[in-house]
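Undergrad: Dropping the structure in here first, questions after.
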């Protein structure tokens, strides 16, 4: 009887373990799909208000620099609030923060219906909605990263980033359709209702158990951490809650990461300085609104397609961490410089596709390279600090571009200025990457020399001749040859 009871208890434990592991696998795919749609909404709205930008110009009659504050402050707050959002996610978890962020964004956009001045929109859409969307963005990235390990984590982050690119492609077209049937006030009401759906997606953001993550981690292939990465014990990161001040000091005390966030911030501000004026720029070139939206669609479509590329390329452990953002910055420098030289639709279509490809690769590479540098332990704080630095610089890029446009009467200087900023950023980030590559090669040589020296004594074997104490097989082979 005792044997039968012991066997039955073991079978119950085994079946419950199988059910838990199966439930864990199913849950991570649910989290991935929810993260895709959450990114579809939260990451597309702050950077695609250029359709409403034209309506705001007509409604309030302000200058281009003042009107550009709506999207500049929204995208700037979305990025600047990153450190605060990352700290809240570390403290309260991604589920609560995502639901709260969806509520804040929905309320901020819905009250914009009553706006009577551009300042009201700057506060409601720019500050309030931007902060809520920032919370949902970091919550989604953090929760998806917790449910996947190894190389699959990079593909999962690329997948949800593809969702933001698909949203950037869809949202401007949807806004244009809504503007034809409603005015801009009704359009904002619909967008606020869409933002409230983020609360539904965030309700499934359940954090995985440490035992499940560690067991999956053993089965996955890990990339060797670079010298520019923050060295930490990933197993301990899942068991110990990292303090906000401790994580902040750790990542800012790491010089390569500080250089990295400075470069990312400058590049994001350069890209955003152009994105805010795209529709008005195409219309100033003599294109109709439908053609302008088609060119914007080509940019977003190309951006969405190329957001999978960083995750696929980084599957190879030989690819340096900063190789993809450096390549995207180099190509983006040339692409932005080509815009003032284009004078027809046949010229603008390939340039728009090239710009979208570089933008998609760069945006997708941010979360992946941040994960590679900080690791899971400091990922939420690392993404938050990166977004905050980008937001501080982005808050000034839109008004500066608007000032250049109002002063010169053309957008050409804006494109050349952004292109020059990307070139300087490329040189700066490339120097960090080259320095890290040299350190990695030196470390590999040192490890290989230590490995050879430790393995040579093990190759001495006893001789079959009684008068020989031992013989070095490798030296014998070399002497014979």
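Matching residues to (1) more than 23 Å from residue 370 (Cβ to Cβ); (2) crowded, with 24+ Cβ neighbours inside 10 Å:
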| residue | (1), (2) |
| --- | --- |
| 45 | no, yes |
| 65 | yes, no |
| 68 | yes, yes |
| 99 | yes, no |
| 111 | yes, no |
| 120 | yes, no |
| 125 | yes, yes |
| 130 | no, yes |
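Undergrad: So which residues in the range 246-267 are touching a helix residue (DSSP H, G or I) at 6+ places or on another chain (Cβ under 8 Å) and closer than 16 Å to residue 83 by Cα, if there are any at all?
TA: Passing the criteria: 247, 248, 250, 251, 252, 257, 258, 260, 261, 262, 264, 265.
Undergrad: Could you tell me whether residue 384 is assigned to a helix (DSSP H, G or I), at pLDDT below 85 and closer than 24 Å to residue 80 by Cβ?
TA: Numbers: assigned to a helix (DSSP H, G or I): yes; at pLDDT below 85: yes; closer than 24 Å to residue 80 by Cβ: yes.
It is true that residue 384 is assigned to a helix (DSSP H, G or I), at pLDDT below 85 and closer than 24 Å to residue 80 by Cβ.
Undergrad: Check whether at least one residue in the range 433-450 is buried (at least 17 other Cβ atoms within 10 Å of the Cβ), at pLDDT 80 or above, touching a helix residue (DSSP H, G or I) at 6+ places or on another chain (Cβ under 8 Å) and not in a loop (DSSP other than H, G, I, E, B), and report yes or no.
TA: Checked against the condition, which is being buried (at least 17 other Cβ atoms within 10 Å of the Cβ), at pLDDT 80 or above, touching a helix residue (DSSP H, G or I) at 6+ places or on another chain (Cβ under 8 Å) and not in a loop (DSSP other than H, G, I, E, B), the range 433-450 yields at least one hit.
Conditions tested, residue by residue: (1) within 21 Å of the chain's Cα centre (by Cα); (2) in contact (Cβ under 8 Å) with a residue 24 or more places away in the chain; (3) over 25 Å from residue 397 (Cα atoms); (4) not in a helix (DSSP H, G or I).
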site: 66; (1), (2), (3), (4): no, yes, no, no
site: 78; (1), (2), (3), (4): yes, yes, no, no
site: 95; (1), (2), (3), (4): yes, yes, yes, no
site: 103; (1), (2), (3), (4): no, yes, yes, no
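Undergrad: A further question on this structure: Could you please find all residues in the range 245-278 being crowded, with 16+ Cβ neighbours inside 10 Å, modelled with pLDDT under 75 and closer than 20 Å to residue 90 by Cβ?
TA: Keep residues of the range 245-278 that are crowded, with 16+ Cβ neighbours inside 10 Å, which gives 247-248, 250-251, 254, 256-257, 259-278.
Filter again for modelled with pLDDT under 75, leaving 247-248, 276.
Answer for the range 245-278, where residues must be crowded, with 16+ Cβ neighbours inside 10 Å, modelled with pLDDT under 75 and closer than 20 Å to residue 90 by Cβ: 247, 248.
Undergrad: Additional query: Out of 340, 320, report the one residue that is over 15 Å from the mean Cα position of the chain (by Cα) and closer than 21 Å to residue 435 by Cα. Please lay out each step first, then the result.
TA: Numbers: 340 fails: closer than 21 Å to residue 435 by Cα.
Answer to the selection: 320.
Undergrad: Regarding residue 86, is this residue surrounded by 24 or more Cβ atoms within 10 Å (Cβ to Cβ), in a helix (DSSP H, G or I) and touching a helix residue (DSSP H, G or I) at 6+ places or on another chain (Cβ under 9 Å)?
TA: Yes, satisfied.
Undergrad: Could you list, in sequence order, all residues of the range 1-50 that are at pLDDT below 80, under 25 Å from residue 82 (Cβ atoms) and in a helix (DSSP H, G or I)?
TA: Matches in the range 1-50: 50 only.
Undergrad: Please pick out the residue among 128, 144 that is modelled with pLDDT of 85 or more and either closer than 24 Å to residue 192 by Cβ or not in a helix (DSSP H, G or I) (or both). Let's see the steps before the verdict.
TA: Values: 144 fails: either closer than 24 Å to residue 192 by Cβ or not in a helix (DSSP H, G or I) (or both).
Of the residues listed, the single one that is modelled with pLDDT of 85 or more and either closer than 24 Å to residue 192 by Cβ or not in a helix (DSSP H, G or I) (or both) is 128.
Undergrad: In this structure, is residue 342 in contact with a helix residue (DSSP H, G or I) (Cβ under 7 Å, 6 or more places away or on another chain), closer than 25 Å to residue 282 by Cβ and at pLDDT below 90?
TA: Answer is yes for this residue.
Undergrad: A further question follows. Under 12 Å from the mean Cα position of the chain (by Cα) and in a helix (DSSP H, G or I): is that true of residue 366 in this structure? Show your work before the answer.
TA: Details: under 12 Å from the mean Cα position of the chain (by Cα): yes; in a helix (DSSP H, G or I): yes.
Spelling it out, residue 366 is indeed under 12 Å from the mean Cα position of the chain (by Cα) and in a helix (DSSP H, G or I).
Undergrad: Please go through the range 390-400 and give me each residue that is at pLDDT 80 or above and buried (at least 24 other Cβ atoms within 10 Å of the Cβ), ordered by number. Quick ask: steps written out before the conclusion?
TA: Initial filter on the range 390-400 (at pLDDT 80 or above): 390, 392-393, 400.
Selection gives 390 alone.
Undergrad: Would the range 178-192 turn up any residue that is within 20 Å of residue 89 (Cα to Cα), touching a helix residue (DSSP H, G or I) at 6+ places or on another chain (Cβ under 7 Å) and assigned to a helix (DSSP H, G or I)? Don't jump to the end; show me each part of the working.
TA: Let us first name the residues in the range 178-192 that are within 20 Å of residue 89 (Cα to Cα), namely none.
No, the range 178-192 contains no residue that is within 20 Å of residue 89 (Cα to Cα), touching a helix residue (DSSP H, G or I) at 6+ places or on another chain (Cβ under 7 Å) and assigned to a helix (DSSP H, G or I).
The values are calculated or read from the model by the stated rules, or taken from the named source; none is laboratory data. Fair warning: this is a prediction, and the values are worked out from it, not measured in the lab. Note: ideal-geometry Cβ built from the backbone for every residue, glycine included; neighbour counts use all protein chains shown.
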